[in-house]
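*Asks:* Supplied in structure tokens, the structure appears directly below.
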Amino acid sequence: MGRFVTGGAGFIGSVLVDRLAAEGSDVTVYDNLSTGKEAFISQHIGSSGFRLVKADVLDFQRLLKEMEGNDVVWHIAANPDIRKGTESTRVDLEQNTLATYNVLEAARKTGVKDVVFSSTSTIYGRAKVLPTPEDYGPCLPISLYGASKLACEGLVSAYSELYGINGWIFRFANIIGRRSTHGILYDLVEKLNVNPAELEVLGDGNQRKSYMLVEECVDGMLFGYENAKDRLNYFNLGADDQITVRRIVEVLLEETGLEDVDVKYTGGESGWAGDVPVFLLSARKMQELGWKAKHSSEEAIREAARTVAKEHLKTRE
Ligand code: NAD
């Protein structure tokens, strides 16, 4: 079975690729290496059935050519950085909405049966119902990133209805852990690298969100893909609890062993424009399917803090 993974050299994509390759699937990684790294998938290069195509999803003719002969597309590539999209208003439209259109159109033209899409909790915006179930509405995102991902979900739904493509949509909580190149733990560690005596934290520290280890995110997607059999399947993917930013900072400092760090909060309920300060995804639909995250948000943060500090903290070198 040919598996085609856009963004397969990235943080989440490369962990997915490890799992697919371990299952014995033929895997093509299609990635422009804008934020992904060849080093994340170098263990597969040269293995039979594995291909790395260094190319852009926005290059439609190339995408079409390379996708030919595959059965499943895991569309993981995107601009995952909410702040970048706020600074440059075309980024999410191009890297998320148009990129997803290209992937679906190439899937239609090459006869791919299944498309799995990585979406996000941000499509719900400031949801009035917590934990937020999958059928919550109206979905009113507050970032261009969230808006573009919601548009992508609409495209997956329409392609599924019109052209008989089976679709799986997974709305992730915050994903953390090894190989991360962005996100709260990575950002805080990078700041500590610059100045281990002082730590600036965005917002007032009371933001409350839910977190999940990257391995569990991939495990949940694979479980959902194998076990949900509607034409269009959509699930939240996250722990069923939250942790505050203040607690994350405490756990990170415990795990780094750094002492006497002067923590300064910038203030305000949100960390940045477009940030949803409080969210909690309902995990019930995945649980009813038979899958549950093994780690609470705090357990995931502690494990990821250890890993991210080991990978990136310079005082450890
Ligand atoms: P990432 O930046 O590590 O992965 C994105 C990958 O896509 C990278 O390898 C990058 O090089 C590649 N890519 C980007 N644009 C491309 C293009 N035009 N053509 C080809 N390749 C391209 O980020 P990630 O955190 O692993 O995110 C993976 C997916 O999960 C994204 O769709 C993101 O929106 C979604 N997501 C992530 C989180 C999270 O907390 N990390 C939360 C919700 C949703």
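*Asks:* Give, in nm to one decimal, the length gained when the segment between LYS109 and LYS54 is fully stretched (0.36 nm per residue of separation minus the Cα-Cα distance).
*Replies:* Length gained, LYS109 through LYS54: 17.7 nm.
*Asks:* Taking the Cα centre of segment 186-313 as the origin and placing charges on Cβ (Lys, Arg +1; Asp, Glu -1), which of ALA305, LEU280, VAL263 is farthest toward the positive end of the dipole?
*Replies:* LEU280
*Asks:* While we're here: How long is the chain along each principal axis, judged by its Cα atoms, biggest number first, in Å?
*Replies:* Principal extents (largest minus smallest coordinate, Cα): 58, 46, 40 Å.
*Asks:* Assuming R0 = 41 Å, what is the FRET efficiency of GLU190 and GLU23, from their Cβ-Cβ distance, to the nearest 0.05?
*Replies:* 0.75
*Asks:* Hey, got the Cα dimensions of segment 152-224 along the principal axes, in Å, largest first?
*Replies:* Principal extents (Cα only, largest first): 57, 24, 20 Å.
*Asks:* Taking segment 95-179 on its own, what percent of its Cα-Cα pair distances exceed 16 Å?
*Replies:* 55 percent
*Asks:* Give the calculated FRET efficiency between MET1 and VAL278 to the nearest 0.05, with a Förster radius of 41 Å applied to their Cβ-Cβ distance.
*Replies:* That pair, MET1 with VAL278, gives E of 0.50.
*Asks:* Of all the accessible heavy-atom surface of segment 230-288, with the other protein chains kept in place and a 1.4 Å probe, what percent is carbon and sulfur?
*Replies:* The nonpolar share, carbon plus sulfur, comes to 43 percent.
*Asks:* Shape of segment 213-317 from its Cα gyration tensor (a ≥ b ≥ c, root eigenvalues): rounded if a/c is under 1.5, otherwise prolate when a/b > b/c, or oblate?
*Replies:* Judged from the Cα gyration tensor, segment 213-317 comes out prolate (a/c at least 1.5, a/b above b/c).
*Asks:* Treating only the Cβ atoms of Lys and Arg (+1) and Asp and Glu (-1) as charged, compute the dipole magnitude of the chain about its Cα centre; round to the nearest 20 debye.
*Replies:* So the magnitude is around 520 debye.
*Asks:* When the dipole is taken about the Cα centre of segment 159-216, and only Lys, Arg (+1) and Asp, Glu (-1) are charged at their Cβ, what size is it in debye, to the nearest 20?
*Replies:* 140 debye
*Asks:* If you average the sequence gap of Cα pairs under 8 Å that are 6 or more apart and divide by the length of segment 6-112, what percent do you get for the contact order?
*Replies:* 28 percent.
*Asks:* Turning to a different aspect of this structure: I'd like the carbon and sulfur percentage of the solvent accessible area for segment 1-89, probe radius 1.4 Å, heavy atoms only, ligands and nucleic acids excluded.
*Replies:* Here it works out to 48 percent.
*Asks:* So if we plug the beta-carbon distance of GLU38 and GLN287 into 1/(1 + (r/R0)^6) with R0 = 51 Å, what FRET efficiency do we get, rounded to 0.05?
*Replies:* Working from the Cβ atoms, E equals 0.85.
*Asks:* Wrap a convex hull around the Cα atoms of segment 180-220, take a quarter of its surface area, and give that in square nanometres.
*Replies:* Result: a mean projected hull area of 3.8 nm².
*Asks:* With N residues in segment 1-104, what two-decimal value do you get for its Cα radius of gyration over 2.2 N^0.38 Å?
*Replies:* 1.04
*Asks:* A further question on this structure: Given H placed on each backbone N at 1.01 Å, which residues far from THR120 in sequence or on other chains put an amide H within less than 5 Å of it?
*Replies:* Amide H neighbours of THR120: PHE172.
*Asks:* Right, another one. Under a 1.4 Å probe, what is the accessible area of the chain per residue, stated in Å²?
*Replies:* Spelled out: the 1.4 Å probe surface of the chain, per residue, equals 43 Å².
*Asks:* Sticking with the crude label model, points 7 Å out along Cα→Cβ, report the distance from ASP71 to THR315 in nm, one decimal please.
*Replies:* 5.1 nm
*Asks:* Work out how much length GLU250 to ILE45 would gain on full extension: take 0.36 nm times their residue separation and subtract the Cα-Cα distance, in nm to one decimal.
*Replies:* 69.9 nm
*Asks:* Express the carbon and sulfur contribution to the solvent-accessible surface of segment 137-183 as a percent, rounded to the nearest whole number, probe 1.4 angstrom.
*Replies:* 58 percent
*Asks:* Another question, then. Quick check of the Kirkwood formula: for segment 49-131, what is the inverse mean of 1/r over all pairs of different Cα atoms, in Å?
*Replies:* Value: 14.3 Å, from the Cα pair sum.
*Asks:* Given the rule -39500 (n - 2.57) for each run of at least 4 DSSP H residues, summed and divided by the residues of the chain, what is its mean residue ellipticity at 222 nm, to the nearest 500 deg cm²/dmol?
*Replies:* -11500 deg cm²/dmol
*Asks:* Set Lys and Arg Cβ to +1 and Asp and Glu Cβ to -1, take the dipole of the chain about its Cα centre, and tell me which of GLY8, ALA78, GLY111 lies farthest positive.
*Replies:* Of GLY8, ALA78, GLY111, it is GLY111.
The values are calculated or read from the model by the stated rules, or taken from the named source; none is laboratory data. Since we're looking at a predicted model, the values are computed, not measured. A quick note on method: Cβ atoms are made from the backbone with ideal geometry, for glycine too, and the neighbour counts reach across all protein chains shown. The area values use the complete protein model at the heavy-atom level, side chains included, leaving out ligands, DNA and RNA. Shrake-Rupley method; radii C 1.70, N 1.55, O 1.52, S 1.80 Å.
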